[in-house]
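Q: Encoded as structure tokens, here's the structure I'll be asking about.
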Amino acid sequence: VAGTRVVLVNPYESKGGPLALAMAQARKDIPFAFYESWSVDLTSIKKQALASGNIEWHRSVLDPRKIYRNARVLLVPSQAEEAWGMVASEAQCSGIPVIGSEIGGLSEAIGPGGIRLPPDAPLSVWNDALDLLWRDQREWQRLSDAALAHAARHEIQVATQIDLLDELLESGHQRRQAA
């Protein structure tokens, strides 16, 4: 079994920090690790997290591999409609399944490598998804394999992204020359 923690990056309100905190408080038998990211005042949620007894609190790190090396599941209960969920892609490169909100580009970032839930789903639904991945090794392995495959897809590889950027820049340059 890979990993020993449920990991949350960015425990801010818009990223679902309060929901993740409630999940951890409801599941004292499961260890969680919360990682800060940006310079935002997290005093209130940090105090509650540390008081829970099953949440480790970490400052931000430059190398995301340090975050995922002890992760079994990445939790992304975001409430924000964003273009992408970078943390989902990062975790999936390490074969870590994601439980995340079906919102904005996060749905596409998670793809088949995790469980997507409505952002307003009740706590019990989120905890049921967590129970499934925490207790069912076969389901965890199935989604871990799907996460690795999703992370390896052609369209998100660095070389593909660079080629696309080059094409866009060249196209823009040609249009500007023609004008």
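The values are calculated or read from the model by the stated rules, or taken from the named source; none is laboratory data. Quick caveat: nothing in here was measured; it's all calculated off a predicted structure. Glycine also receives a Cβ, built like all others from the backbone with ideal geometry; neighbour counts cover every protein chain displayed. The area values use the complete protein model at the heavy-atom level, side chains included, leaving out ligands, DNA and RNA. Shrake-Rupley method; radii C 1.70, N 1.55, O 1.52, S 1.80 Å.
Q: Within the range 1-93, considering only strands (runs of 3 or more DSSP E) that don't extend past its boundaries, which have at least 3 residues that are open to solvent by less than 40 Å² (accessible area, probe 1.4 Å) and under 20 Å from PRO122 (Cα atoms)?
A: 5-9, 71-76
Q: Further question: What is the number of the single condition among (1) more than 19 Å from PRO97 (Cα to Cα); (2) at pLDDT below 95; (3) within 18 Å of the chain's Cα centre (by Cα) that ASP120 does not meet?
A: (2)
Q: Here's something else I'd like to know. Give the residues of the range 102-127 that are closer than 20 Å to PRO64 by Cβ and of a type in the set (Gly, Ala, Ser), sorted by residue number.
A: GLY105, ALA109, GLY111, GLY113, GLY114
Q: Another one. Taking the options LEU106, LEU117, LEU148, LEU133, name whichever one is touching a Leu at 6+ places or on another chain (Cβ under 9 Å), among the aliphatic types (A, V, I, L, M) and within 22 Å of VAL76 (Cβ to Cβ).
A: Going through LEU106, LEU117, LEU148, LEU133 in turn, the sole match is LEU133.
Q: Same structure again: Just wondering, is there one or more residues in the range 166-179 that are hydrophobic (A, V, I, L, M, F, W, C), under 30 Å from PRO18 (Cα atoms) and surrounded by 10 or more Cβ atoms within 10 Å (Cβ to Cβ)?
A: no
Q: Select from the range 94-110 the residues that are within 19 Å of ASN127 (Cα to Cα) and assigned to a loop (DSSP other than H, G, I, E, B) and write down the one among them that is most open to solvent (accessible area, probe 1.4 Å).
A: So the residue we want is GLU102.
Q: Go through the range 133-165 residue by residue and tally those that are at pLDDT 85 or above, open to solvent by less than 90 Å² (accessible area, probe 1.4 Å) and not hydroxyl-bearing (Ser, Thr, Tyr).
A: Residues flagged as at pLDDT 85 or above, open to solvent by less than 90 Å² (accessible area, probe 1.4 Å) and not hydroxyl-bearing (Ser, Thr, Tyr) within the range 133-165 amount to 17.
Q: I'd like to know if the range 106-117 contains one or more residues that are over 14 Å from the mean Cα position of the chain (by Cα) and of a type in the set (D, E, K, R).
A: Scanning the range 106-117, I find no residue that is over 14 Å from the mean Cα position of the chain (by Cα) and of a type in the set (D, E, K, R), so the answer is no.
Q: If the Cβ limit is 7 Å and pairs must be 6+ apart or interchain, which residue in the range 161-179 that is within 29 Å of ALA151 (Cα to Cα) pairs with which residue that is part of a helix (DSSP H, G or I)?
A: Short answer, once both residue conditions are applied: none.
Q: Now for a separate question. Kindly indicate whether PRO119 is surrounded by fewer than 16 Cβ atoms within 10 Å (Cβ to Cβ) and in a loop (DSSP other than H, G, I, E, B).
A: no
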